[in-house]
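Scroll down for the structure; my scribbles are underneath it.
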Amino acid sequence: MADRLRMRSSVRNALVWRVLHDAIADLTAALGRDQLDVLDVGGGTGGIAVPLAELGHRVTVVDTSPDSLAALERRAADAGVTALVSGVQGDAANLPDLLQSADPRHGEAAEVGFDLVVCHSVLEIVDDPAPVLVGVAHSLRPGGLASIVTANAVAAALHRAIAGRFDEALHVLRDPLGRYGQSDPTPRRFALSDVRSLVEAAGLTVVATHGARVFADVVPTGSLDGDPQAAASLVELELEAADVPALRDIASALHLIARR
Ligand SMILES: C[S@@+](CC[C@H](N)C(=O)[O-])C[C@H]1O[C@@H](n2cnc3c(N)ncnc32)[C@H](O)[C@@H]1O
């Protein structure tokens, strides 16, 4: 069971990690240093922050949930990277204030700035995504990169229709910024053009767009069971599909890289 979950999770996260690794390679080459300052907005329990710290980067996680931040601390300790990971509790809508007061350099007129800001699976659940993105842009050093992952409304419509919930599919298409029904766990989703506009309105330049999980969320349950080669093939397929515009546009999640 644990192996099955691990296999599914590695397939689901493969594209996001490839894009992050590419962004990190781009930044370290441009900056001429191996260690980046990373901000993970809504970073939760550290699923991204801790592996980034294990690569040697300094990571600050901002999250509203004290429980998640406690889990982050434990995860960082287990991985031996406590010195590289810090958690700040607060609302991502107030990033500049939160980071200013959390920064030990505060009071010395030093500017808080990050090379890479990660904001994954957060814009769909915050009260208002616009101020979060303004804070993301403000937190980046000039030339820094933002990695933004959001739920794709088009994919949700497809998935609801495949599940036979045609009324819900229609609802998502007509109103991606609202829930399709009471059972919808996601307050809002975005079409690619909408999230791109929001990112650009915050003052960032979108430099790449990818689709994450084109197939992984629709392949039959059990199709990976006990077959590591099938998982490897699906990862390869996902990585290839991510940059094919017609497939990117129906992926479960949209992954944008934007530069300040
Ligand atoms: C779906 S999880 C995503 C976690 C992580 N970014 C990832 O991709 O695995 C959303 C996270 O955002 C946090 N969150 C929700 N609203 C927030 C807000 N207004 N400000 C900061 N964090 C928030 C939640 O506590 C949760 O940890």
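The values are calculated or read from the model by the stated rules, or taken from the named source; none is laboratory data. Being a predicted model, the structure only gives us computed values, none of them experimental. Positions of Cβ are backbone-derived with ideal geometry, glycine not excepted, and every protein chain shown enters the neighbour counts. Protein only, heavy atoms only, side chains kept; ligands, DNA and RNA dropped before computing areas. Shrake-Rupley method; radii C 1.70, N 1.55, O 1.52, S 1.80 Å.
Can you figure out the FRET efficiency of Ala208 with Gln229, using R₀ = 35 Å and their beta-carbon distance, to the nearest 0.05?
0.75
Given the Cα-Cα distance of Asp184 and Arg6 and 0.36 nm per residue of separation, how much length would full extension add, in nm?
So the chain would gain 61.5 nm between Asp184 and Arg6.
Using a Gaussian network for the chain with springs between C-alpha atoms less than 10 Å apart, which of these wobbles most: Leu72, Leu27, Leu55?
Top of the fluctuation ranking is Leu55.
Ordering Val126, Val62 by accessible area with a probe of 1.4 Å, largest first, what comes out?
Heavy-atom accessible area, descending, gives Val126, Val62.
Kirkwood Rh over alpha-carbon pairs of the chain, then Stokes-Einstein at 20 °C and 1.002 mPa s: what D in µm² s⁻¹, rounded to an integer?
The estimated diffusion coefficient comes to 112 µm²/s.
Residues of segment 61-84 with backbone nitrogen within less than 18 Å of a virtual label 7 Å along the Cα-to-Cβ line of Ser121, please, listed as ranges.
61-73, 75-76
Counting alpha carbon pairs within less than 8 Å and at least 6 residues apart, what relative contact order, in whole percent, applies to the chain?
Rounded, it is 20 percent for the chain.
What accessible surface, in Å², does a 1.4 Å probe find on Phe166, ignoring ligands, DNA and RNA and rounding to the nearest 10?
Rounded to the nearest 10, the figure is 140 Å².
Find how many whole Å separate the alpha carbon centroid of segment 110-165 from the alpha carbon centroid of segment 170-204.
11
In nm, to one decimal, how far is the Val218 label point from the Leu55 one, both placed 7 Å along Cα→Cβ?
My value for the distance between the label points is 3.0 nm.
Given springs between every Cα pair under 10 Å in a Gaussian network model of the chain, which of Ala102, Ala169, Ala83 has the largest fluctuation?
Fluctuation is largest for Ala83.
Using a 1.4 angstrom probe, figure out how much accessible area segment 23-126 has per residue, in square angstrom, rounded to the nearest whole.
46
Out of residues 5 or more away from Ser86 or on other chains, whose amide H comes under 5 Å of its own, with H placed 1.01 Å from N in the peptide plane?
Val59, Thr60, Val61
Would you work out the relative contact order for segment 165-206, in percent, from Cα pairs under 8 angstrom that are 6 or more residues apart?
Once divided by the residue count of segment 165-206, the mean separation gives 23 percent.
Once phi is turned into ³J(HN,Hα) by the Karplus curve 6.51 cos²θ - 1.76 cosθ + 1.60 with θ = phi - 60°, what whole-Hz value does each residue of segment 93-98 show in order, with x for glycine and proline?
Going residue by residue, I get 5, 10, 3, x, 5, 4 Hz, with x marking Gly and Pro.
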